[in-house]
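Some notes on the structure that comes next.
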8 protein chains.
Amino acid sequence: MPEVLIILGSKSDAEIGQKALDLLKRFGIEAKMLVASAHRTPDRVRELVCQSKAEVFIAIAGLSAALPGAVASFTSRPVIGVPVSGKLGLDAILSIVQMPPGIPVACVGLDRGDNAALLAISILSLSDKQLAQKLAAYRQEMADKVENDSNEVQA
Amino acid sequence: MPEVLIILGSKSDAEIGQKALDLLKRFGIEAKMLVASAHRTPDRVRELVCQSKAEVFIAIAGLSAALPGAVASFTSRPVIGVPVSGKLGLDAILSIVQMPPGIPVACVGLDRGDNAALLAISILSLSDKQLAQKLAAYRQEMADKVENDSNEVQA
Amino acid sequence: MPEVLIILGSKSDAEIGQKALDLLKRFGIEAKMLVASAHRTPDRVRELVCQSKAEVFIAIAGLSAALPGAVASFTSRPVIGVPVSGKLGLDAILSIVQMPPGIPVACVGLDRGDNAALLAISILSLSDKQLAQKLAAYRQEMADKVENDSNEVQA
Amino acid sequence: MPEVLIILGSKSDAEIGQKALDLLKRFGIEAKMLVASAHRTPDRVRELVCQSKAEVFIAIAGLSAALPGAVASFTSRPVIGVPVSGKLGLDAILSIVQMPPGIPVACVGLDRGDNAALLAISILSLSDKQLAQKLAAYRQEMADKVENDSNEVQA
Amino acid sequence: MPEVLIILGSKSDAEIGQKALDLLKRFGIEAKMLVASAHRTPDRVRELVCQSKAEVFIAIAGLSAALPGAVASFTSRPVIGVPVSGKLGLDAILSIVQMPPGIPVACVGLDRGDNAALLAISILSLSDKQLAQKLAAYRQEMADKVENDSNEVQA
Amino acid sequence: MPEVLIILGSKSDAEIGQKALDLLKRFGIEAKMLVASAHRTPDRVRELVCQSKAEVFIAIAGLSAALPGAVASFTSRPVIGVPVSGKLGLDAILSIVQMPPGIPVACVGLDRGDNAALLAISILSLSDKQLAQKLAAYRQEMADKVENDSNEVQA
Amino acid sequence: MPEVLIILGSKSDAEIGQKALDLLKRFGIEAKMLVASAHRTPDRVRELVCQSKAEVFIAIAGLSAALPGAVASFTSRPVIGVPVSGKLGLDAILSIVQMPPGIPVACVGLDRGDNAALLAISILSLSDKQLAQKLAAYRQEMADKVENDSNEVQA
Amino acid sequence: MPEVLIILGSKSDAEIGQKALDLLKRFGIEAKMLVASAHRTPDRVRELVCQSKAEVFIAIAGLSAALPGAVASFTSRPVIGVPVSGKLGLDAILSIVQMPPGIPVACVGLDRGDNAALLAISILSLSDKQLAQKLAAYRQEMADKVENDSNEVQA
């Protein structure tokens, strides 16, 4: 049974979702990626969320980007929203970040499927020490890569 | 039974809704104003919309303003969205106007409960000649008022 | 005689208008697409709108995008405005959505000729049960496609 | 007969128009201020512009601010547009400045009735040497005031 | 020992932090509120975060709002960022939401101390069934309040 | 001796300036195009403007776009500013349009060298009936082209 | 003879300039505050800058905010620009920050006369060890104040 | 030992950093370019800044662009921030320019590595007359180039 459920508002967001999926799998987390539109299939969103045993939800959407908020309306488990870039830069960010009082969504950066996965991992690490260690190691790896990059840039 | 259903995302939007309600009543249209939050009460939104016999819906919301889109996800009757102003000007406008392909919302201007009502009246006038005449008269009145205003400004 | 009149502010908006036209025709609605500029041919806009028997108008324009408002100034029938994207994202959206009190325009999303057509169909469905059924079927089709997309994404 | 015609999109813009009127009168230019809405009274705009002998038009409007463009659509004489501030800062500016090819409007700053008048005076000065001298004197006065302000600030 | 650490970028953000604190305490969560500036006291931020046993961090900041990202740079536990409104609406939102790949921050809405607390509660609920029940009850309360509000609005 | 002086802030703006130049020449107006940077060559701007006999100035610039205002600071003849598009859409528009009280610039749309020329022609037409007739003819041509475009679109 | 020259674009910016002046004086730096408008008094700006012996310039302006760039066009000494807030938040920021290649301005935050002074002090400290020590002490004081604020917030 | 330290937030910013480096070297200034991420390697930023003898720092970053502020938090020597363009234009600009009171960053334009170098040179010129002369010569060269460009444009 998946621990993280990734829901795409549209098939066109699959590339961003895949980044999240790959990272979650690399950390050994069970994850599943589905498409469900808040506007075209509201009942499907409701059903998927209410039946899911996922501990964390990642919802990815562009434009008016109602999906993360719709997911959050059906669960009190953590929902991470990923705004998708398009002709306007701000629409999806503002739609996801400006949630009303009472129903939070954790918004990450534009097209940041990777950070959505890392935030989910961070949340799941609270009750899983091994995962926390893997995450710390991953961050150390990133830090090391910065030093390598620095050497290349200077060369 | 109401012909137009006005749904507020929050009680704090009541003043804008009231403008719509007053105008609808002035035109002899049955209308009802309720509160239902897309995020706090998604099932209530679903229920209200699916059980409603309203021909036109007016949904009024600020911030991430998912309500108009949520209403539109449950009905193929026309849905008019009114963005409500707040600390940012653009969030509610972009959340309402940038609907994805397939599920349109008719977005009117910031805080324009009045125009939402007039758009609903315009839609209902297509099959109601008397209403169309009242609307034409109302617009003539507005035009006359402009001339009066002009005289005052010159005085 | 057409039921929906599509007016383009410029020939360069034809692709967006064509999406609306195709969708209207698929639903068996008579529609016609013309070019008339609010700024270059104000009298032509006036004449086309005043002589038209169309029940719904779709006006498509970019930049300062005065066309939808100009159409609305000559008719009290419903006018749907489609903002066209360009170097700035916001100009056409704000020009169309921020109509003054008294003269509403129903603004849909950036470049959303398709949603303009679907909103027109939704309005015309109020007095045409067959059309309403077709629209319901179309929406079911979209919902089914989401499920198919979901299966593809998971494969 | 007035040399400059000031048209307000709404009586609420009168204060900004008055600044333009006062400045024009101070320079001995005949000017008249009227109200005419591009959306509520399109025919009135047409009539006022087409019958006017004004050499320069100043059109003042907020929100979707179609008035300056509407005036420009009926005359090839210079049209100066003044965007009026409101809940959003950008709507009126973008609506006025982003005119399509072929029909220019000379946009000045937000709420800058004064600069609209000075631009009109600058235009009329091209064929009126005395006016040009008055304008040069006015600008010298402004420059002198800057020096006085500087002394006050240092005191 | 506190389970949630609230860090304010400036004493002037205390009101927003207090909303988070009150809500956390209402749910029986140990929480502590401190001031530490990413720019004025970077070492203090480092020290507070590295020595803290908190499971979730809430960082509240306006303007360039580096604090949430700075906190996240020192821990792989979840960090929730609250942008604070000011003269510009967008600066703090974009500074918090647009984190680079690898170091996520969970951004909530402008001035939404309440939602930051609820997101923290949601995260902590994953391993605390009682807390999850309290959160579900709180959400039910909110939903009930919407119905009450609706009755008042109709009265 | 030129009647219109076109000043480019940078050689890279030459394409936009050329559109203005071509249109001015088509109307038989003497025009000259130069490069002078408000920031790199402030004295050159001063000298060019103060020595010029041009009746109208067109200043074309991107980014912080100080050139139109700099030109206007040295002359009380009409100055038309053309904002040039770049990575941000709004910088040049706001820099040109938001002139302080006392020194107006006539701002036209983004990259609209053509409209700058037409505005200059409109200004010069006030004292040149033949030019006014040519401008009226040009506008009629544009209107005719709209009708032709409409026929093509329908075909 | 002053080491820092503060130039205000308008007397209305004096309060922001005063903050810079006070801070500079507190650090024992000679400073002088004048008014000179890039648009109303371009020659005065030129003269003040060219005759000044100041090592650092602080230019404070709102709206199209050309002053900092104008100052920088006449000197290759460091110029710090302070954007002043108004009806729009972004105009002055973008006008100051988006300088073209070759002529930098050091832009600080909206209305941040204090930070302009501190940046000037930081620059002057490079060749004045005592000043550098005072600045370090000032920063320590700020850091201490954060701890005090933290204690108050917790009390 | 380097006089200017250029720090990139990411290897992908190297092209912008290289422009700064080349210009600094052309002026005979010792400079070094490194990568250090405020978020991925906060301790590395601290260490590099605290151990550096550089007189001026240039920090280059996109997105939430915390690097320039992070550098400034560890030194009271001048820090120049270069915002890097991306999907949104405004995020990096606002993150860098809107620093809180007490810790200034000198923000230059989007992607303006060149202007960052010139600002650093301008600062270093205050205590190095030869450098000041080279800078004056460079600016004269730029001015001459404008005249050449002008001749080419006219040809």
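Can you compute the equivalent ellipsoid semi-axes for segment B:2-89, i.e. the square root of 5 times each eigenvalue of the Cα gyration tensor, sorted largest first and rounded to whole Å?
On the way: eigenvalues 69, 55, 21 Å².
Listed largest to smallest, the semi-axes of segment B:2-89 are 19, 17, 10 Å.
Which chain B residue puts its Cβ closest to the axis that rotates B onto H, and at what distance in whole Å?
Of all Cβ atoms in B, the one closest to the rotation axis yields B:LEU90, 6.
How large is the accessible surface of A:HIS39 in square angstrom, using a 1.4 angstrom probe and rounding to the nearest 10?
10
Going from most exposed to least, what order do F:PHE57, E:PHE74 have by accessible area with a 1.4 Å probe?
E:PHE74, F:PHE57
In deg cm²/dmol and to the nearest 500, what is the mean residue ellipticity at 222 nm of the protein assembly as shown if only DSSP H runs of at least 4 residues count, each as -39500 (n - 2.57), divided by the residue total?
That calculation yields -16000 deg cm²/dmol at 222 nm.
Cross-link list H:LYS11/H:LYS129; G:LYS19/G:LYS145; A:LYS32/A:LYS87; D:LYS25/D:LYS53; B:LYS11/E:LYS134: which exceed 23 angstrom alpha carbon to alpha carbon?
H:LYS11/H:LYS129; A:LYS32/A:LYS87; B:LYS11/E:LYS134
Return an integer: the convex hull volume of the alpha-carbon atoms of chain B, in Å³ per residue.
126
Expressed as a fraction of 2.2 N^0.38 Å, the rule-of-thumb size for a compact globular protein of N residues, what is the C-alpha radius of gyration of the protein assembly as shown?
Normalised by 2.2 N^0.38 Å, the Cα Rg of the protein assembly as shown equals 0.92.
Give me the percent of the accessible area of segment A:4-128 that comes from carbon and sulfur atoms, probe 1.4 Å, all protein chains in place.
Using a 1.4 Å probe with all protein chains present, segment A:4-128 comes out at 45 percent carbon and sulfur.
Tell me the angle of helix F:113-125 to the major Cα principal axis of chain F, expressed in degrees between 0 and 90 and rounded to the nearest ten.
Helix F:113-125 sits at roughly 90 degrees to that axis.
Report the accessible area of F:GLU147, computed with a 1.4 Å probe over the heavy atoms of all protein chains in place, in Å² rounded to the nearest 10.
Rounded to the nearest 10, that gives 90 Å².
Run the 1.4 Å probe and let me know the accessible area of C:CYS50, rounded to the nearest 10 Å².
70
Treating the angle as unsigned and between 0 and 90°, give the value, to the nearest 10°, between the Cα long axis of helix B:14-26 and the longest Cα principal axis of chain B.
60
Over all directions, the average projected area of the alpha-carbon convex hull for segment D:98-155 comes to how many nm²? It would help to have the intermediate numbers written out before the result.
Details: hull surface 23.6 nm².
Approximately 5.9 nm², given one-decimal rounding.
Nearest 100 Å² is fine: how much accessible area is buried between G and E, summed over both sides, with a 1.4 Å probe? Spell out each step's value before the answer.
Numbers: alone 8980 and 8990 Å², together 16730 Å².
Approximately 1200 Å², summed over both chains.
For q = 0.24, 0.28, 0.30, 0.32 Å⁻¹, what log10 I(q)/I(0) does segment F:63-111 give under the Debye formula with an equal point scatterer on each alpha carbon and no solvent?
Results for segment F:63-111 at q = 0.24, 0.28, 0.30, 0.32 Å⁻¹ read -0.78, -1.01, -1.13, -1.25.
Which distance in Å, rounded to a whole number, links the C-alpha centroids of segment C:91-155 and segment D:1-38?
Between the Cα centre of segment C:91-155 and that of segment D:1-38, the gap is 43 Å.
Go through C:LYS32, H:LYS53, E:LYS129 and list them by solvent-accessible area, largest first, probe radius 1.4 Å. If you can, show how the numbers build up before the last one.
Values: C:LYS32 90, H:LYS53 140, E:LYS129 170 Å².
Largest to smallest exposure gives the sequence E:LYS129, H:LYS53, C:LYS32.
The values are calculated or read from the model by the stated rules, or taken from the named source; none is laboratory data. No experiment lies behind these values; they were computed from the predicted model shown. Note: ideal-geometry Cβ built from the backbone for every residue, glycine included; neighbour counts use all protein chains shown. In case anyone asks, the SASA skips ligands and DNA or RNA and just uses the protein heavy atoms, side chains included. Shrake-Rupley method; radii C 1.70, N 1.55, O 1.52, S 1.80 Å.
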